[in-house]
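Enquirer: Can you read through this structure? Questions will come right after.
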Amino acid sequence: MNDDVVVLADDDDLLDAVAELVEAITERKVLKARSVAELMTLGSRALACELAILDVNLGANAPSGLDALTWLNECNFKGRAMFLTGHGSSYQLVQDAHISTNVPVLSKPISGDDLLALLEQHDGRN
């Protein structure tokens, strides 16, 4: 089975909520990962996804969503990516996401309308 979207978040409630939201508004299948290590373990299944939704902060002293994006890019991920964050723009990882990537950053909590608009806005782009 080929999953359409991979969601990476360390919080189970957030992970499940985003996955359900994506499935409900896009009718795409969702593959879930709770850490960068778990994402990497998913390997080709994650790399086959057309969209990666990555939580920027995955916990203290843990690899971040930026590390996940680096891994995806190193593995020639062909899909699009977007970040989620509950932190303000002054948070270092959020600043790094804005400065060092060309990936949209969406603030949590997210609504279905906000996610759908962002998906449509970036449809077909990496």
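Enquirer: Does L93 count as under 13 Å from the mean Cα position of the chain (by Cα) and either surrounded by fewer than 16 Cβ atoms within 10 Å (Cβ to Cβ) or not small (G, A, S) (or both)?
Expert: For L93, the condition - under 13 Å from the mean Cα position of the chain (by Cα) and either surrounded by fewer than 16 Cβ atoms within 10 Å (Cβ to Cβ) or not small (G, A, S) (or both) - is not met.
Enquirer: Within region 3-46, which residues are surrounded by fewer than 16 Cβ atoms within 10 Å (Cβ to Cβ), among the acidic types (D, E) and either more than 27 Å from N61 (Cα to Cα) or at pLDDT 95 or above (or both)?
Expert: E20, E23, E27, E38
Enquirer: Consider only pairs whose beta carbons are under 6 Å apart and that are at least six residues apart or on different chains; among these, list those whose first residue lies in region 23-41 and is on the phi < 0 side of the Ramachandran plot and free of Cβ contacts under 8 Å to residues at least 12 places away in the same chain and whose second residue is hydrophobic (A, V, I, L, M, F, W, C) and assigned to a strand (DSSP E or B).
Expert: E23/V30
The values are calculated or read from the model by the stated rules, or taken from the named source; none is laboratory data. The model shown is predicted, which means the values in this text are computed figures rather than measured ones. We place every Cβ from the backbone using ideal geometry, glycine too, and count neighbours over all the protein chains shown.
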